[in-house]
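The values are calculated or read from the model by the stated rules, or taken from the named source; none is laboratory data. Since this is a predicted model, take the numbers as computed values, not measurements. Backbone-built Cβ (ideal geometry, glycine too); neighbour counts: all protein chains shown.
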Amino acid sequence: MSHYAEVKMKIKDEELLISAVKKIFGSSNVEVHKNPVNLIDYYNVTRDQKANIIVRKQHVGPTSNDIGWLRNNDGTYTAIYDKYSAERYNNVAVEYTAEMIRNRAPHKFSIQNITGNKIKLLVRN
C-alpha cells in the first residue's frame with residue numbers, strides 16, 4: 001500500500017485554499033465536503049485517512065493516491081498526500097500564498113511568475 005504523508009499547515013482560509021487547489025487541478029476536479037470523506041489509494045483501496053477538500057487520484061497523476069486537505073478543530077488544515085503527488089501539493093501551497101497576497105496586499109501588484117516554490121511579484125505604488 002502507498003504511504004500518505006500528513007502535514008499540518010497554518011492555512012486557515014478555506015476559500016483561498018479551495019481557489020488554489022482549483023487553479024492547480026481544475027475546477028471540476030476538486031471535491032469539497034462539509035464532513036470529511038475517505039481517500040482512495042492507487043490500488044482503489046479505501047483508506048482510513050479522510051479529507052474535506054479532495055482531488056481524486058485520476059486528476060493527480062498516473063501513480064498517485066487521492067490527495068486531500070482535512071479541516072482540523074482549530075480551523076487549520078492538514079494536507080494528506082503521497083510521494084508521487086508531493087510536487088503538486090507544493091504547487092498548491094505556493095498558489096495559496098499567491099492567493100493570500102492577491103487578496104490582502106496593501107499595494108497593487110502583479111504576479112510575474114510562479115516557479116517551484118518561488119513567487120515573483122511586481123509591486124506598483
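Exactly one of these conditions fails for Lys23: (1) in contact (Cβ under 8 Å) with a residue 60 or more places away in the chain; (2) not in a helix (DSSP H, G or I). Give me its number.
Of (1) in contact (Cβ under 8 Å) with a residue 60 or more places away in the chain; (2) not in a helix (DSSP H, G or I), only one is false for Lys23: (2).
Here's a check for you: in the stretch 53-100, which residue that is in a strand (DSSP E or B) and among the charged types (D, E, K, R) is farthest from Ile11 (Cα to Cα)?
Checked the stretch 53-100; the qualifying residue farthest from Ile11 (Cα to Cα) is Asp82.
Give me the pairs, please: first residue somewhere in the stretch 66-94 and in contact (Cβ under 8 Å) with a residue 12 or more places away in the chain and of a type in the set (A, V, I, L, M), second residue anywhere and in a loop (DSSP other than H, G, I, E, B) and crowded, with 24+ Cβ neighbours inside 10 Å, beta-carbon distance under 9 Å, and either six or more positions apart or on two chains.
Ile80/Asn65; Ile80/Asp66
Kindly indicate whether Tyr89 is hydroxyl-bearing (Ser, Thr, Tyr), modelled with pLDDT of 85 or more and either closer than 14 Å to Ile24 by Cβ or under 13 Å from the mean Cα position of the chain (by Cα) (or both). Spell out how you get there, then give the answer.
Numbers: hydroxyl-bearing (Ser, Thr, Tyr): yes; modelled with pLDDT of 85 or more: no; either closer than 14 Å to Ile24 by Cβ or under 13 Å from the mean Cα position of the chain (by Cα) (or both): yes.
Judged against the criteria, Tyr89 is not a match.
Condition first: touching a residue at least 40 places away in the same chain (Cβ under 8 Å) and out of contact with any Lys or Arg (no Cβ under 9 Å at 6 or more places or on another chain). Now tell me which residues in the stretch 45-65 satisfy that.
Listed by number, the residues that qualify are Val45, Arg47, Gln49.
Here's the yes/no breakdown for (1) surrounded by 15 or more Cβ atoms within 10 Å (Cβ to Cβ); (2) modelled with pLDDT of 95 or more:
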| position | (1), (2) |
| --- | --- |
| Lys23 | yes, no |
| Val30 | yes, yes |
| Asn35 | no, yes |
| Leu39 | yes, yes |
| Tyr42 | yes, no |
| Asn52 | yes, yes |
| His59 | yes, no |
| Pro62 | no, no |
| Asn65 | yes, no |
